[in-house]
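The values are calculated or read from the model by the stated rules, or taken from the named source; none is laboratory data. Predicted model only: the values in this text are computed from it and were never measured. Note that each Cβ is placed from the backbone with ideal geometry, even for glycine, and that neighbours are counted across all protein chains shown.
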Amino acid sequence: MRSWAAERVAAAAGAELVRGGPGGPERAVIDSRSAGPGDLFVGLPGSRVDGGAFAAAALEAGAWGVLVTPERAAGLPAGGAVLAAADPLAALGALAREWRRELGAAVIAVTGSVGKTSTKDLVTALIAPHRSVAASRENFNTDIGMPLEILAAPAGTEVLVLEAAMRGFGQIAALAAICEPDVGVITNLGPVHLEQVGSLEGVARAKAELFVGMRDGTTAVVPAGETLLDPWLRPALDVVRFGDGGDVRLDGDAVVAGGERLDLSLPFTARHQRLNTLAAVAAARAVGVQPSGRVEVRFSGLRGERVTLAVGATVINDCYNASPLSMRAALDDLASHEPAGRRIAVLGDMLELGAAEAELHREIGAVAAAAGVDVLVTVGRRAAAMLDAFDGESYAVADAAEAAALAGELIEAGDVVLVKASRGVGLEAVAEALVAADAPEEAPHG
């Protein structure tokens, strides 16, 4: 937006220009502590704090300007542009939509019950050698985060890869209205956010809002055989299916797309990541990129990160989040390891599963047993139900601190340890404690 005058910024946001300023902003921020030269600070009213109260501080820090409610726009110190809108969040979304249109980039939006961040990372990695690509950072996938990432995309961006998250109905539709995707990807459907959407059919309806908001002639990328999405795949969409029997699939270790074997080398063997790669290939091809060569991808944090400890054990830190679908995928990956020692799974509560939570946790206990887990540690009252279907060595603890202490005592050379739970459990403390305990002590200063 650097080339936009203050008048154009205000018009794009649907805001009143109270006071102008030179040039245009480079990005938008919502934290006044990070505001500086070239920034548009957007003061978002919240349930406890009104961000507009910090507009003066942002201007004093040298921000290009501020976007706040009309009440907050009065009496601000000199320096910087001042834009006023009754709903600053809606204005932020409108501004992002106009910048998306100005960029003229092909927009790929990725959602799904699990794997959307990894798939976004893979799409970006496949496109980067061929086109100028910008991608959203992890967690910037809401009605606040997505507009910020669009506005951070520099001029000249040819492909914009965005993640779209939801916890209920209407949220994906709102995000699609902001980013206007040319390609929409749904990685999968699973029992997540059931407290809000009620059933798998509800999950499909909420995720498929992405396709409802897309223009005719755009591309929908969906899992092959996922019939729950069929009602939302109107004939005017170009539908590409990935997975077994799909348009993009695996033939042994080779990726086949449109009947052609691609010269593509994958640096991982985990089945769920290979499936995510197929979705990413479909999305890349939809914007005119033919992926080739070795896939050089760096996945976002806490998503299957592997750390080898000095003791000779391996920790798989997959603590970003958890659902029945992602738990199964992680245990399937753990089963693929042939450790010199044992397979240990430290599994915590899966949240927001509604009335079915006890049964869904018991099912994961059975999956762990089938995956050859030698030791199962459950964390939290919900996860304890896993032990009902697990007959091996097992322990139940109340929280992440107890799990960290127990895991430190259990681990031996040659073990492979999976650590996974919903984000609210904070189970990354287990992996962090294991790594910290494994670090060499600093020599005393003499």
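Things worth noting here:
- If you filter the range 220-252 down to residues that are among the β-branched types (Val, Ile, Thr) and touching a Leu at 6+ places or on another chain (Cβ under 7 Å), you find that the one that is surrounded by the fewest Cβ atoms within 10 Å (Cβ to Cβ) is Val239.
- Residue in the range 50-60 that is aromatic (Phe, Trp, Tyr) and more than 28 Å from the chain's Cα centre (by Cα) present: yes
- Which listed residue is part of a loop (DSSP other than H, G, I, E, B), within 22 Å of Arg382 (Cα to Cα) and in the same structural domain as Ala396 (by TED's automatic domain parsing), from Met350, Met327: Met350
- In the set Ala355, Ala398, only one residue is closer than 19 Å to Gly190 by Cβ and assigned by TED's automatic domain parsing to the domain that holds Ala310; that residue is Ala355.
- Test: residue in the range 281-304 that is over 30 Å from Gly104 (Cβ atoms) and among the polar types (S, T, N, Q): no
Let's see how each residue does on (1) out of contact with any Leu (no Cβ under 8 Å at 6 or more places or on another chain); (2) assigned to a loop (DSSP other than H, G, I, E, B):
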residue	(1), (2)
His272	yes, no
Ala284	no, no
Gly288	yes, yes
Arg303	yes, yes
Arg306	yes, no
Gly312	yes, yes
Ile316	no, no
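- Check on Leu151, assigned to a helix (DSSP H, G or I) and either touching a residue at least 12 places away in the same chain (Cβ under 8 Å) or within 17 Å of Ala96 (Cα to Cα) (or both): yes
- Only one of the numbered conditions (1) over 25 Å from Ser118 (Cβ atoms); (2) under 25 Å from the mean Cα position of the chain (by Cα) is violated by Leu360, and that is (1).
- Filtered residues of the range 121-171 (kept if at pLDDT 95 or above and among the basic types (Lys, Arg)): Arg131
- Qualifying strands (runs of 3 or more DSSP E) (wholly inside the range 159-269; at least 3 residues being in contact with a helix residue (DSSP H, G or I) (Cβ under 8 Å, 6 or more places away or on another chain)): 159-163, 183-186, 219-223, 238-242, 248-251
- Single residue of the range 267-294 satisfying the filter (more than 22 Å from Leu334 (Cβ to Cβ) and under 17 Å from the mean Cα position of the chain (by Cα)) that is surrounded by the fewest Cβ atoms within 10 Å (Cβ to Cβ): Ala279
- Residue tally, condition of a type in the set (Asp, Glu) and on the phi > 0 side of the Ramachandran plot, over the range 341-378: 1
- Failed condition for His130, given (1) crowded, with 16+ Cβ neighbours inside 10 Å; (2) more than 14 Å from Arg100 (Cβ to Cβ); (3) without any contact (Cβ under 8 Å) to a residue 60 or more places away in the chain: (3)
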